[in-house]
1. Expressed in nm to one decimal, what extension gain is obtained for the pair LYS403 and GLN149 from 0.36 nm per residue of sequence separation less their Cα-Cα distance?
2. What is the calculated FRET efficiency for ASP246 to ARG331, with r their C-beta to C-beta distance and R₀ = 30 Å, to the nearest 0.05?
3. So if each residue of separation counts as 0.36 nm, and I subtract the Cα-Cα distance between ARG198 and LYS170, what length gain in nm does that give?
4. Kindly put PHE218, PHE370 in sequence by how many other C-beta atoms sit within 10 Å of each C-beta, fewest to most.
5. Cα centroid distance between the range 294-326 and the range 198-267, in Å?
6. Note the full-extension length gain between THR226 and ASN307 as 0.36 nm times their separation in residues minus their Cα-Cα distance, in nm to one decimal.
7. Applying 1/(1 + (r/R0)^6) with R0 = 41 Å to the Cβ-Cβ distance of HIS137 and LEU449, what FRET efficiency is obtained, to the nearest 0.05?
Amino acid sequence: MLQVKYRATLPATLISALLLCALIIQTQQQQNDAAAAAIPAATPAATAAKAQRIREPNVMVNKASVETRNAVRRLARSVFHVRWNPNEKFIVESRESPAINSSKLAPHPRLKVSKNTKLTLSPKLYLCHDKYAEQCHNKTASFRRRIVQTFERSMSEALNESNHYYVDYKPVFGDSFEEQYYPSTCLVMEAGVRVLRRTDKPFNKLPFGRLFPRQKLFRNVKNIKTCAIVSSAGSLAGSKLGRFIDTHDIVMRFNHAPTRGHEVDVGSKTTIRVVNSQVVTKPEFDFAHAPIFRNVTIAAWDPGRYNGTLEDWLTSADYDLFTNYEIYRRRYPKSRAFLIDPHSVWRLWQSLQMFAGNRSIRRNPPSSGFIGLALLLPHCPQVDFVEYVPSTRLNGRCHYYSKEMNSACTFGSWHPLAAEKLMALDMNVADDMSVFQFGILRIRRPDKLLCGFNFFGY
Ligand code: NCC
């Protein structure tokens, strides 16, 4: 299913030529830019009910148990090519509370205790605001180096991770010119992260598929000009970015990250929430009833197995999100609550692995943040990702809405988060001041011409 079948038939020289053209177009575009799981222990009852879901719609299973994950091996390799965009300038300028206090949740199933739970740098030393001052420019450049180094280190940490999802990805070209220089934005677009539709097989034949909304993911797509993605990072605390965030046409948030009480820093507008299957399933989040999940578009995801079919997924999701999804959809039939196609989540993982070249990334799904970016980019010409790549506000806190200190939330220990953020930096068109002092990364949807041809072949 997820075999990489593209390119093998194209002669390498032709691909090189196409990519060279793409590079030239991209360079011109940049110059023109004015501004810039845990494994739930399946009980026999749950397993039987899951199997039944394929046949009938009313399955009432509501179980989720937690096991901590182990972690994996990895070897370092190639140097990341992170572009600096000196031409870019910084462009400035709900009412909910968290369903639970996440700091009380321990241990983290998808966030193993890593060596890097403590911050090893002092971001305040690099803080400055005068972009015309040479000293500030130097500080920002040094901070950038430190952050990139930290991501690199996180990527190459020798981990003894299990391959829980049976990822058997084999790179096609490895270190080739094509793999290294094909624009990252195109790789993300071509992953085709999408929500499942009623017409998708096998859901077109299953009663469960009738639960999927008929509506599209976003209304009036043609009018969408700018989008903000608000990471849940602790460094948003005290950012005062709320007004800036609310100026965007679409505002994406994650899981149960609240706005109430944090409006000044994170804004109050929420258009869409990307939620992982833990949040849909665990009783403490009360997905089917909590006000935080009402009157917003929901895109829920669960990775399933790397090579699993959608039928397999229905019976072997990491967390059984289907039951609560069904309850939610029956309770709110007009809601826009979607399930993300798990195949597309793994295609995004492949894009990330392609970006990383011969250097292996963690064989776990990308974070909700990266999935959200890939889901949004095809619908939005310009995406501002807030405090995803950490700025000098970095404070070691996991979330802006909790006091938990854990820099693994920022630099990664289970998701391939460090690779995601290096790839996001590679896609960024904003200048270093915007990213590292103001916390705003800007990603533009690539032109179809830039991407040239469909790399994945779908
Ligand atoms: O923490 P989480 O992520 O909900 O954060 C949402 C997204 O914001 C970005 N982020 C967050 C914190 C931080 N310091 N830096 C960041 O860049 C990431 O892109 C992240 O995806 C998730 O991805 O769904 C995740 O969800 C939590 C958890 O399930 C929910 O918060 C509910 O409690 C996971 N934590 C645990 O499983 C304990 C986390 O690993 C991933």
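1. Numbers: separation 254, 0.36 × 254 = 91.44 nm, distance 2.58 nm.
In short, 88.9 nm is gained.
2. Computed FRET efficiency for ASP246 and ARG331 comes out at 0.55.
3. Details: separation 28, 0.36 × 28 = 10.08 nm, distance 3.19 nm.
Net length gain for the segment: 6.9 nm.
4. Values: PHE218 19, PHE370 30.
So the residues, fewest neighbours to most, are PHE218, PHE370.
5. 18 Å
6. On the way: separation 81, 0.36 × 81 = 29.16 nm, distance 3.48 nm.
That works out to 25.7 nm of additional length.
7. Working: r = 34 Å, r/R0 = 0.83.
Efficiency, rounded to the nearest 0.05: 0.75.
Just so you know, all these numbers are worked out from the coordinates, no wet-lab data involved. Here the structure is a predicted model, which means the values were calculated and not measured. Cβ atoms come from the backbone with ideal geometry, glycine included; neighbour counts cover every protein chain shown.
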